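A.B. asks: Below are the structure tokens for one structure; questions will follow.
Here, each number is a calculation from the coordinates, and none is a lab measurement. Given the structure is predicted, the values throughout are model-derived calculations rather than measurements. All Cβ positions, glycine included, derive from the backbone under ideal geometry; neighbour counts span all protein chains shown.
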């Protein structure tokens, strides 16, 4: 089995953190999907050949950026970090820079060798010792959103826990109640999750939460596979996006005024229950981009097929919020 996740790091100051990260990811995704050179090389095998084979399979490359990654060593043609990253970029692999302790920003393009300049445009994440659990959880959600299958069974456990909370989700969403749902349609409707939906999410739990009071969603069901995408979401004036939008403008010289949701997952139906959707979300620009944010959405269909109730989790916010969806006819 070709590894899906490859960890690149500078051995002088990143070996311990890379090893710890690999062990975390092994638990979630399985050891066969995670490649770390010092643990996955067999006796007599050339590490560069093994890494080249892994990158040739277009995995996701996690670049652990520690203070020693940059510097004169990176300019050497035979530098292993430079070789790994350049090969991954050339092969079209997804590359996620991880900013470790002591690195407060993603280096600009001119600070990398020419073949590594695309790194400056990548969405980065943090991997800090003092906030290790939260940072790893966010990274796991990113990897799931990029299509890496979990093997730890957590999604099923999470579905069961969320179902226990659906009763609370259906009661008085921010005082909205019946009036907001009068646009939902007739008393009876199709028992399918496919269709056009209008989503409303409870108020943010903290300043990192976006305002999501009227999001237009399109859900498509094919067998048990579910695809979801939203109409563009206006983020102008949303406090949760102001800082990021400013950074975007400084970095790319263009305004970020809208984002979209895209997601995929499964339709699930336990005995005696209505169909539900379990979706891994990606927040992107309308034109398409690497995920700006990731999260998860779980919602269960009502008995009349006109509503869905559930929970939304966004990794940047690190909080779970009640959601309601009303079916729309178009």
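A.B. asks: Once you order the gyration tensor axes a ≥ b ≥ c over the Cα atoms, which shape class does the range 184-330 get: rounded for a/c under 1.5, otherwise prolate or oblate by comparing a/b with b/c?
C.D. replies: Numbers: a/c = 2.04, a/b = 1.95, b/c = 1.05.
In terms of gyration-tensor shape, prolate.
A.B. asks: Treat the count of other C-beta atoms within 10 Å as a stand-in for reagent exposure and order 34, 283 from fewest to most.
C.D. replies: 283, 34
A.B. asks: Moving to a separate point now. Within 10 Å of each residue's Cβ, count the other Cβ atoms and sort 151, 123 from fewest upward.
C.D. replies: On the way: 151 14, 123 17.
Least to most surrounded, the residues fall as 151, 123.
A.B. asks: Using 0.36 nm per residue, how much length does the chain from residue 203 to residue 329 gain when fully extended, once their Cα-Cα distance is taken away? Show your work: numbers first, answer last.
C.D. replies: Details: separation 126, 0.36 × 126 = 45.36 nm, distance 2.62 nm.
Going from the current span to full extension adds 42.7 nm.
A.B. asks: How high is the FRET efficiency between residue 273 and residue 32 when r is their beta carbon distance and R₀ equals 35 Å, given to the nearest 0.05?
C.D. replies: Result of the calculation: an efficiency of 0.55.
A.B. asks: According to the square roots a ≥ b ≥ c of the eigenvalues of the Cα gyration tensor, what is the shape class of the range 67-146, taking rounded for a/c under 1.5, prolate for a/b larger than b/c otherwise, and oblate for the remainder? Please report the intermediate quantities before stating the final value.
C.D. replies: Numbers: a/c = 2.17, a/b = 1.42, b/c = 1.53.
Verdict is oblate for the range 67-146.
A.B. asks: Need one number: nm distance between label points at residue 77 and residue 20, each 7 Å from Cα along Cα→Cβ, rounded to one decimal.
C.D. replies: 3.8
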